[in-house]
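Structure first, commentary second.
The values are calculated or read from the model by the stated rules, or taken from the named source; none is laboratory data. Note that this is a predicted model, so its numbers are computed, not measured. Quick reminder, even Gly has a Cβ in these numbers, built from the backbone with ideal geometry, and neighbours come from all protein chains shown. All accessible areas refer to the heavy atoms of the entire protein, side chains included, with ligands and DNA or RNA removed. Shrake-Rupley method; radii C 1.70, N 1.55, O 1.52, S 1.80 Å.
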Amino acid sequence: MLSPLLWMLATALTPNTYIAPVSFIPKDVTFENFVEAWNFPRVFDPKVTMGTFFLNTLFVTVSVTLIGIVVDSMAGYAIARKQFAGRMLFTYAALATLMVPIYVVLVPQYLIVRRLNWLNSYKALIIPFLASGMGIHLFRSHFLSIPMELEECAKLDGASDFRIYMTIIMPISKPVIGTMAILKSMWAWNIYVWPLVVITDLRLKVIQQGLTLFQGLNITQWGYLCAGMTIAIFPLIIVFLFMQRQFIGGLVAGAIKG
Amino acid sequence: MIVASKKEKLGYYLFILPALIVFSVFIFWPMIHSFILSLFKYNLMTINKPEFVGITNFITLIKSPVFPAAMLNTIVYTLVTVPLSMMLGLGFALIMNNNLRFRNFYMVCFYIPYVSSMVAVSIVFSLLFNASTSGIMNRILVMLGMKPVGWLSDSKLALPVIMLLSLWKDLGYTIIIYLGGLLAIPREIYEAASLDPISSWKKLTRITIPLLKPTTLFLLITKTIASFQVFTPVQVLTDGGPGYATTTLVTLLYQKGFKEYKMGLASAAAVLLFIILLILSIIQNGLEKER
Amino acid sequence: MKKGLVLLLAVTMLFAFIGCQVQPTETTPTTTPSSEPTKAPESTQPPAENVPKEPVTIRFWQAGADTANATNVMNRLLLEFMKENPNVLVEYQAVPWANDPHTVFQTAIAGGDVADLLVVGSPFDYVLAESGALMSLTPYLEQSIIDDLIPVAAREGVYTGKIAELEGQYISLPLFVDARTILYNKEIFDEAQVPYPDTSWTHEEFLANAEKLTGTFGGKKVYGFGTSARYASQYINFVWNLGGDVLNEDMTAPAIDNDIWRKAISYYLEFYKKGITPEGSEAMALADIQAMFANGEIAMMVATSDYATELKNDENFGDKLGVGIMPHADYQTAFAGSDVLVIPAISKNPEVAGRLINFLLRTESQLEYVKNVGFFPSVSSALADEYFTSNPIKAKFAEAIKCGKFYVKHAISSAVTTILRSQMQQLIAGEIDLDQCLKNMTDEINAALQE
């Protein structure tokens, strides 16, 4: 399962070559690739390192994840548990957002962002991703399985829908929120095509754009590339381990009886 | 059932409003814009004053010699990867849902490929399944005394290698979603069931799987949509080759729109893709209502 | 509860605001495209006379520039240009190849807001020109620069195609040029006792020698000539050698279903049939062939000068590397490519952009650039510099450049690439025969021309 990635780590730890090495165990272990990869963007601008890309991506990821979960879960809640005109239309519309390859809407999207004057700004990387059809549907499929009685009691006590959503539904939805946090942070962390067209300023580039700097026209610098990829994956593993507590807590509780 | 007041009903729309606004501005409008443009002939410079050509783009696309191959490859890819990935995902999720030793470690193992960027993973795979003797899989085969295999240069093997990549990479996602679904099953149901002497297989088929239905449906629909749009691994690994053995709908679309700059054709391909996916989703959603 | 409401309200208002702004009522775009170059200087006046009084800012985007210090050198050159033109400020932006600069530029052009000067990979200039996205460079070029251009640059930068206003005008000039020629492994040649390809071989000699170089050398299984039919650049030269090409002279139809192609492709097939190139190499990435070459498993391959330079500097391989001359038949040719300077039709400052082109094509600027970045200059005065003549590797590439030829100069060149690739791969895999292959290529290219 992990072998391709172990190879990646091994290559990252092996002195840089133009020929991809084969071994899974690096011969002369070196951290030089990591240092070089970290400093490589200085070639283009002395003030920019991988750290710059890192912080940019971090900011974008945190914003998209936190706000996105609120936006998606609210919409998912409404379409799963409420009856209103246009509900099915919206449900399918949210799904439809997934049905168009990014390349098709790239130019129209770019035209809009340009008109908003958002080129080379974080806004262009965050706001279009605050809602996701995938997130809405995942929340919907989860909310569908919560018994209706749960909120009907609260309703009789005179609680508003928003209060029910905040104080009853969300607290018992920790596992799905955890799942969404993992998925959303990963999507935001790995976004690639869109920043290419809206961010041309090196200081605002994101980590995936940074990684591609190691692939020259003809020559790929394997050591640097692999070191860069390792650096790029690391934060996601931290997020995962952190969010996994949500799972494990639930897993242990549920599994005993399972 | 409590009847909602008008004011409450209005409140429902507030719940979907933020998502609706983001979608409208950044997805629906660009989508409609692009779909309208499928009836026009235009290029970079004439996007603001395109020339109306009716359904010419669709006819050209369908008549294009690559189209049948692209369609077939996409369907084969979807039919293989979606069910396989869901079965494997459910299996592993059920295993992980037990008090397993080193469970955290296994989870991380499945998770890492999924979070790695598709571009990075595809590059790693291109080194592994390289047709030359320097390809890592081939070196292993040679070490084991077997003949090297032209993984990506054999038109029968290239698509399966790409499927393998997708299965490997997305397994973590399926497991995570299924685990989320398993967690949502109220414990009381199992507790009630444990009073009856039924086998764990029956528990699985009679309780767990039916209760996972919303999750399964969600995965089925979203995975079908995603599979129909497979692109990056093809682009990195084979460029659609050998021959047209790995050309898919979206690689064709990308080729037309961004390599050949025939944007009207790309839009037409997107409309076709959209119609297919919409029909499939409606059918799949229909399964929800059957009980 | 309150916090949530406030957030909801804030988000809603934000989006409502955006929603209002975006209403796509067609306001006139901020930049009105004007395809005619305004008040072009008729003769080649010294640039100083045209200096506008008020300060001007131009934007300059370069596709590529991803080798170690390419951006640094460009920045140095631009500083010098700005010193000469004190009222001009150049905002420079490099977009590495891996960041898909052509997509970026294309999107920016469609969005109506692009830099005043671009460097793009040839033949993307023809794609842009065909869309009406480029303006003629001719009015802005100094005669001394035009006279100094190397043949391939002078020939291939002139537009022939559908757009009447551009006919016979320069639409692009190379910032630098490169060509592909033979790289060989001296050790394998010595062991096989084959003379180095330092002078051009005929097709027959090339095939015979490649066969001799196939076998076990240095304890390894060696292939005489590693080539991948995934890339037209790997075999189109054999067609050119016989006087053929992909499209006819006025670029209106494929010129493939003929005896020249039949002969050239059957010749190329021999390398596969005789096992001179590795099995499955028709679908390999060039990087794989290069890896095998670097690993001593391939005796000869066709590659670019930047790869040759990298390999020369490799401590394990450097001494074994030889650079030879491409084989020939009726003609001597070499597959050349370049990154070219173009001025978009919607450029706001074509005159200043033109001045920058003249500056970048001066002998000194050209030498400064290619000496630091690699590749070769596009003006003869610079190519004659002893930097190129004294270094044996560079000298061989410089010779290749002199007989250099560019790939399909047409907006459909990328479609042609895909068509040739798929048909060649099917031919080599034995799924179709040669006649069928050439016929399919012709049909599909015809379809692409009509789309």
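For this structure, a couple of remarks:
- Per-residue Karplus couplings for the range C:99-111, computed as 6.51 cos²θ - 1.76 cosθ + 1.60 with θ equal to phi - 60°, are listed in order as 8, 6, x, 5, 5, 4, 5, 4, 4, 5, 5, 4, x Hz, Gly and Pro entered as x.
- From its DSSP helices (H runs of at least four residues, each -39,500 (n - 2.57)), the protein assembly as shown gives a residue-normalised ellipticity at 222 nm of -17000 deg cm²/dmol.
- Kyte-Doolittle at least 0.0, axis length at least 30 Å by Cα - qualifying DSSP helices, chain B: B:67-96, B:158-183, B:263-289
- For chain B, a Gaussian network of Cα nodes joined below 10 Å ranks B:Ser117, B:Ser85, B:Ser267 by mean-square fluctuation, and the top entry is B:Ser117.
- Here the average projected area of the convex hull drawn through the C-alpha atoms of the range B:23-289 stands at 19.0 nm².
- Loop trypsin sites (Lys or Arg not before Pro), the range B:103-192, which have at most 10 other Cβ atoms in a 10 Å radius of their Cβ (DSSP): B:Lys156
- FRET E, pair C:Glu270, C:Glu386, Förster distance 45 Å, beta-carbon r, rounded to 0.05: 0.65
- Normalised contact order of chain C, rounded percent, pairs of Cα under 8 Å and 6 or more residues apart: 24 percent
- Average beta carbon contacts from partner chains per residue of B:105-114, 10 Å cutoff: 4
- Proportion of all alpha-carbon pairs of the range C:191-341 beyond 21 Å (%): 46 percent
- Counting, for every residue in A:109-119, the Cβ atoms of other protein chains within 10 Å of its Cβ and taking the mean gives 6.
- Computed across the protein assembly as shown, the Kirkwood radius stands at 30.4 Å (inverse of mean 1/r, all Cα pairs).
- Cα-only Debye scattering, the range C:277-363: base-10 log of I(q)/I(0) at q = 0.10, 0.11, 0.20 Å⁻¹: -0.48, -0.56, -0.99
- Cα-projected label distance for A:Phe234 with B:Cys109, points at 7 Å along beta-carbon direction, nm: 2.4 nm
- Largest first, the three principal axis extents of the alpha carbons in the range C:342-390 are 43, 17, 13 Å in whole numbers.
- Residues of type lysines that B:Lys203 reaches as a straight line, Cα spacing below 28 Å, ignoring anything fewer than 8 places off in the same chain: A:Lys174, A:Lys257, B:Lys213, B:Lys223, B:Lys289
- Bins of 10 Å, starting at 0 and running to the largest distance - Cα pair percent for the range B:142-291: 9, 25, 27, 19, 14, 5, 0
- Put simply, chains C and B cover up around 3600 Å² of each other's accessible surface, both sides summed, when a 1.4 Å probe is used.
- Relative to the longest principal axis of the Cα atoms of chain C, the long axis of helix C:2-22 makes an angle of roughly 80 degrees.
- Set of aspartates and glutamates with alpha-carbon distance to B:Lys7 below 17 Å, sequence-local pairs under 8 removed: A:Asp161
- Candidate aspartates and glutamates - alpha carbon under 12 Å from C:Lys274, same-chain residues fewer than 8 apart omitted: C:Glu211
- Between C:Asp190 and C:Arg155, the FRET efficiency estimated from the beta carbon spacing at R0 = 56 angstrom works out to 0.90.
- Greater than 28 Å apart at Cα, pairs in B:Lys259/C:Lys439; A:Lys47/C:Lys371; C:Lys162/C:Lys263; C:Lys263/C:Lys405; A:Lys123/B:Lys9: C:Lys162/C:Lys263; A:Lys123/B:Lys9
- Rounded to 5, the percent of DSSP beta bridges in chain C classed as antiparallel: 60 percent
- Per residue, the accessible area of chain B comes to 43 Å² when a 1.4 Å probe rolls over the protein heavy atoms.
- Length-normalised contact order of the range B:23-289 in % [C-alpha pairs under 8 Å, at least 6 apart]: 30 percent
- Restricting the range A:69-131 to trypsin sites (Lys or Arg not before Pro) that sit in a DSSP loop and have at most 16 other Cβ atoms within 10 Å of their own Cβ leaves nothing.
- Derived from the Cα gyration tensor, the three semi-axes of the equivalent ellipsoid of chain C are 42, 28, 24 Å, largest first.
- Zero-based 5 Å bins, Cα pair distances in the range A:66-155, whole percents: 3, 13, 18, 19, 17, 13, 8, 4, 4, 2
- Stokes-Einstein, applied to the Kirkwood radius of the range B:13-107 over Cα pairs at a viscosity of 1.002 mPa s and 20 °C, places its translational diffusion at 116 µm² s⁻¹.
- Scalar couplings 3J(HN,Hα) for the range A:84-94, obtained by applying the Karplus form with A = 6.51, B = -1.76, C = 1.60 to θ = phi - 60°, are 7, 4, x, 4, 5, 4, 5, 4, 5, 5, 5 Hz; x denotes Gly and Pro.
- Interface B-A: total buried accessible area of about 8000 Å², 1.4 Å probe, protein heavy atoms only.
- Residues losing 40 Å² or more accessible surface upon assembly, the range C:263-293, compared with the chain by itself, 1.4 Å: C:Ala283, C:Asp288
- Between the amide H of C:Leu89 and those of C:Val56, C:Thr57, C:Ile58, distances stay under 5 Å, these residues lying 5 or more places away or on another chain, with hydrogens modeled in the peptide plane.
- Among the residues of C:221-232, the average count of other protein chain beta-carbon atoms within 10 Å of the residue beta-carbon is 1.
- Accessible surface of chain B, 1.4 Å probe: 70 percent of it comes from carbon and sulfur atoms.
- C:Val379 long-range amide H proximity, modeled H, under 5 Å: C:Ile150
- Loop exposure criterion: trypsin sites (Lys or Arg not before Pro), DSSP state outside H, G, I, E and B, at most 11 other Cβ atoms within 10 Å. Applied to chain C, the longest stretch between such sites is C:54-451.
- When both the range B:103-174 and the range B:241-291 are represented by their alpha-carbon centers, they are found 25 Å apart.
- When the accessible areas of A alone and C alone are added and the area of the pair subtracted, with a 1.4 Å probe, the result is around 3400 Å², both sides summed.
- Our coupling estimate for the range B:233-249, obtained by passing each phi through the Karplus curve with A = 6.51, B = -1.76, C = 1.60 and θ = phi - 60°, is x, 4, 4, 6, 7, 10, 6, x, x, x, x, 10, 5, 10, 5, 10, 4 Hz, Gly and Pro reported as x.
- Close amide H partners of C:Val222, meaning residues 5 or more places away or on another chain with modelled amide H under 5 Å apart, are C:Gly215, C:Thr216, C:Phe217.
- Comparing B:Ile21, B:Ile221, B:Ile95 in a Gaussian network model of chain B where C-alpha atoms under 10 Å apart are linked, the largest mean-square fluctuation is found at B:Ile21.
- Comparing B:Val161, B:Val115, B:Val142 in a Gaussian network model of chain B (Cα springs below 10 Å), the most mobile by mean-square fluctuation is B:Val142.
- Of the GluC sites (Glu not before Pro) in the range C:194-268, those whose Cβ has at most 11 other Cβ within 10 Å and which sit in DSSP loop: C:Glu249
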